[in-house]
Amino acid sequence: MKRRKIDVRAIPAKSAGALDDRFQAATPLRSLLNKVFPDHWSFLLGEIALFSFIVLLLTGTFLTFFYEPSLQTVTYDGSYTPLRGTHMSAAYASSLDLSFDVRGGLIMRQMHHWAALTFMAAIVVHMFRIFFTGAFRKPRETNWIIGSLLFWIGFLAGFTGYSLPDDALSGTGLRIASAIMLSIPVIGSWVTTSIFDGEFPGHVIMGRFYIAHVLLIPGILLALIAVHVGLVFKQKHTQWPGPGRTEHNVVGERMFPRYAIKQGGFFMIVFGVIALMGGLFQINPIWLFGPYEAFTVSAASQPDWYVMFLDGSTRLFPAWEIRFDLFGWGDGYTIPPIFWPTVVLPGVLTMLPLAYPFIEARLTKDKKAHNLLQRPRDVPARTALGAMAIMFWLVLTLSGGNDVIADKFHISLNAMTWAGRIGLLILPPIAYYVTYRICLGLQQHDREVLAHGVETGIIKRLPDGRFIEVHQPLAPVDEHGHGELDYAGWVVPKKMNRLGALGPAIKGFFYPIEKPAEAPVSPGHPPVSPIEPARREEISK
Amino acid sequence: MTSDSPGWLGRLRRGRSGPRSRVRRRVGSVVRLTLALTLAGGVYIVFAPGLAGAKDTPQLSTAAEEGKALFNQSCITCHGPNAQGVEGRGPSLIGVGAASVEFQVGTGRMPMARQEAQAERKPPVFTDEQTRQLAQYIQELGGGPQVPSGDLRAPESDEEAIARGGNLFRINCSSCHAFGGGGGALSSGKYAPGLGEATDQQIYAAMLTGPQNMPVFGDNQLTPEQKKEIISYIQEALKQDRDPGGWGLGRFGPVTEGLAIFLVGIVALVFASLWIAGKS
């Protein structure tokens, strides 16, 4: 019998052909794999959020194997001795078991928590990038709205997850949440009693939060992320202006293989950073907090960082209690002060960003579609507005931790509160003004380089005694010596060794990977020998 | 007063031999008054309690005398002579007890560096011996609570004592000293200190006397056994907890965790994206 010869090199092509015969996948796959993505570090910030979400799904699934969402009272009998014999909810006991008795449970719990913080932080940083570069403009308003919603749904995911261990710290947070819900006029009591099935804390809340945290909210997040990424595919990624880049093309790398390999590597890095944090930094040590009881509370009870601005607004808001007399009917009606900083403020903070793309388009009368990004300095009003918003948020967030700051830096807590109140009103406008001026200054410098050229560092003395710095024009100049280049919306070279297509003179990211070229030696100025300083010293003696 | 008026005294005197002279009457009344006063004073001395051995100044023990000398040198400026207190400077120490002195002086809080919201813990000025002498002086001067001698922790045979102590700690102490015992802010520059350096005696004395802005946890609120359980929890559970999850970030909770995610996590990832985006 004749041995059939197998051509190994033909196997991939043959099997792929066979698959295509059956599924007709080549045409759609080709357009997908050939899709071009522009390359810039700031375009990877959203990926950090996406990848940490994947880590959240993986670690979260592990946690569900051991967590018990029940408020039934049990007596702890695990390996953490300082709590042995304490009565606690089954939820808290199972969280303790996860931390101390399940192999690898603690690092999974900590990775899950750090991944959640990374997810929210990356969303915010990604949002800054989108905002400051104008990537939310037409046609991408929908994706901006979806992104904002992703933050708030991530916020809910974080809060429900934070509450699940039923430790005393998260229980304090849950109590505050129920108070916030109660403060809503008219519907507050119904909202609270329907969520908690009666009075706080009731017996069902863990079960409800659990199903919301592991099914409903991740489902919504997944769906929104799918639409978010799908829209990026459909509408194509924005890109920075530059040589060969227009409103109608995308310059970058193909999805396969380079972009896909890079993204795979980046996922590994994100996973690695989260795993390192989960292994090296302790987060939420629930065993120190003890089980939640209505009468236990701790100094420095704070929510996670993305909720802290609401804590801060509550601490700063004056205790204005509004009472109505309902024409003598009943006891009248009271709107507690907590309603304004914790319901009205986040309501405004949700709606304003959602509407921002449309507000800006209306104010600038800009109805065109934009695929090229803007440098933050070129839109000073928007950049300044963003800086103002960040300052507002920063003051609130710092005020959310003002007792810790007051204690550790030996400042009066009352002084911190007043500094927060005054700072909340004064600092954002200052941030607006300063940012606006910085943007204008940067713009002016760009225009100056385009008109006069790059500073060479060569000082020349003219025959009449004046000193001038020699500028290297970037392009042919007119009769006044002014360059005729237009600003292209992209980086203007400002250093001699970054002119034209030249990269940085010395290659390498953290340290030089190659020796810089020897500087050309001018015949009039021989190179300075290293012995010279010593010789000079001798002369001076 | 004349005896002209008719009455039973007048009738009695009628039997006597003639009217007495004015001088004799005067002398007699003086003698009677003296006798009556002596009688009253004598009866008072016999029946009044504790006055029999009373002296003008209390007899202090040798240690207390030493303590008094130290007091008059270092404390009298604010707490006044005989520890009566000085208005606007320092409170009276009558009745604060040896426990209070041992806590305030033993932790270096007294003498205060300056008048401020709260005295800070610092290296003690007095030696243990001197602290005991000062405490003895204040104790003999006005009495007050004393830290019991002997072991101040719950017996080791009681396995659940630490768990009970933890529960009591979370009910009574954590609202100011925080779950991790790191302390926390109070109003207007006051604060609850961290428990890291506190010894058994100091924690017991603090609960007993309520120093600075701390409330008193008398033996009616927390029995001595409960106090010992709390001490056992702080010393053997809180301080021995070696942060199984890694570096504890100062145990400040979400404030430092939020700082860490930006300073470590996001910074590392942004650098990673800078690095990976440059690879083309």
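If the condition is being among the basic types (Lys, Arg), farther than 22 Å from A:Asp378 by Cβ and outside any strand (DSSP E or B), then the range A:445-490 contributes only A:Arg466. The helices (runs of 4 or more DSSP H) found entirely in the range B:106-207 that carry 3 or more residues being assigned by TED's automatic domain parsing to the domain that holds B:Pro91 and open to solvent by 50 Å² or more (accessible area, probe 1.4 Å) are B:128-142. Filter the range B:58-105 for residues that are among the small types (Gly, Ala, Ser) and surrounded by fewer than 17 Cβ atoms within 10 Å (Cβ to Cβ); which is nearest to B:Gln139 (Cα to Cα)? Here the answer is B:Gly95. In the set (1) in a helix (DSSP H, G or I); (2) within 14 Å of another protein chain (Cβ to nearest Cβ); (3) modelled with pLDDT of 90 or more, the condition left unmet by B:Gly250 is number (3).
Within the range A:26-69, being under 24 Å from B:Trp275 (Cβ atoms) and in a loop (DSSP other than H, G, I, E, B) holds for A:Lys35, A:Pro38, A:Asp39, A:His40. Among the numbered conditions (1) within 14 Å of another protein chain (Cβ to nearest Cβ); (2) more than 30 Å from B:Phe252 (Cα to Cα); (3) among the acidic types (Asp, Glu), the only one that A:Glu247 does not meet is (1). One residue stands out in the range A:276-301 among those that are open to solvent by 10 Å² or more (accessible area, probe 1.4 Å) and in a helix (DSSP H, G or I): the one that is farthest from the other protein chains (Cβ to nearest Cβ), namely A:Leu276.
Residues considered: B:Val267, B:Val216. Of these, the only one that is more than 9 Å from every other protein chain (Cβ to nearest Cβ) and within 30 Å of A:Phe267 (Cα to Cα) is B:Val267.
For the range A:30-49, the criterion of being more than 9 Å from chain B (Cβ to nearest Cβ), modelled with pLDDT of 95 or more, open to solvent by 50 Å² or more (accessible area, probe 1.4 Å) and touching a Leu at 6+ places or on another chain (Cβ under 9 Å) is met by none of the residues.
Within the range A:439-485, the residues that satisfy the criterion of being of a type in the set (Asp, Glu) and open to solvent by less than 70 Å² (accessible area, probe 1.4 Å) are A:Asp446, A:Glu469, A:Asp478.
Within the range A:391-416, residues that are more than 7 Å from chain B (Cβ to nearest Cβ) reach partners that are acidic (Asp, Glu) with beta carbons closer than 9 Å, at six or more positions or on different chains, in the pairs A:Leu396/A:Asp311; A:Thr397/A:Asp311; A:Ser399/A:Asp311; A:Gly400/A:Asp311; A:His410/B:Glu120; A:Met416/A:Asp403. Just a yes or no: is a residue in the range A:423-437 crowded, with 17+ Cβ neighbours inside 10 Å, out of contact with any Lys or Arg (no Cβ under 6 Å at 6 or more places or on another chain) and within 14 Å of chain B (Cβ to nearest Cβ)? No. Select from the range A:50-98 the residues that are in contact with a Ser or Thr (Cβ under 6 Å, 6 or more places away or on another chain) and within 14 Å of chain B (Cβ to nearest Cβ) and list them in ascending order. Hits for the range A:50-98 are A:Ser52, A:Tyr76, A:His87.
No other residue among A:Asp331, A:Asp304, A:Asp311 is away from chain B (no Cβ under 14 Å) and either crowded, with 20+ Cβ neighbours inside 10 Å or over 29 Å from A:Tyr487 (Cα atoms) (or both) apart from A:Asp331. Taken over the range A:185-201, the residue count meeting the criterion of being among the β-branched types (Val, Ile, Thr) and out of contact with any helix residue (DSSP H, G or I) (no Cβ under 6 Å at 6 or more places or on another chain) is 4. Restricting the first member to the range B:190-202 and to residues that are under 15 Å from B:Phe217 (Cβ atoms), and the second to residues that are of a type in the set (Gly, Ala, Ser) and outside any loop (DSSP other than H, G, I, E, B), the beta-carbon pairs closer than 6 Å and six or more apart or on different chains are B:Ala192/B:Gly184. All of A:Pro185, A:Pro165 fail the test of being surrounded by 21 or more Cβ atoms within 10 Å (Cβ to Cβ), not in a helix (DSSP H, G or I) and not hydrophobic (A, V, I, L, M, F, W, C), apart from A:Pro165. Of the candidates B:Gln235, B:Gln240, the single residue that is free of Cβ contacts under 8 Å to residues at least 40 places away in the same chain and either basic (Lys, Arg) or within 14 Å of chain A (Cβ to nearest Cβ) (or both) is B:Gln240. Select from the range A:250-265 the residues that are among the aliphatic types (A, V, I, L, M) and within 11 Å of chain B (Cβ to nearest Cβ) and list them in ascending order. A:Ile261, the sole residue that qualifies.
The values are calculated or read from the model by the stated rules, or taken from the named source; none is laboratory data. Just so we're clear, the structure is a prediction, and the values are computed from it rather than from any experiment. Every residue, glycine among them, receives a Cβ derived from its backbone with ideal geometry; neighbour counts consider all protein chains shown. For accessibility, only protein heavy atoms count, side chains too; no ligands or nucleic acids. Shrake-Rupley method; radii C 1.70, N 1.55, O 1.52, S 1.80 Å.
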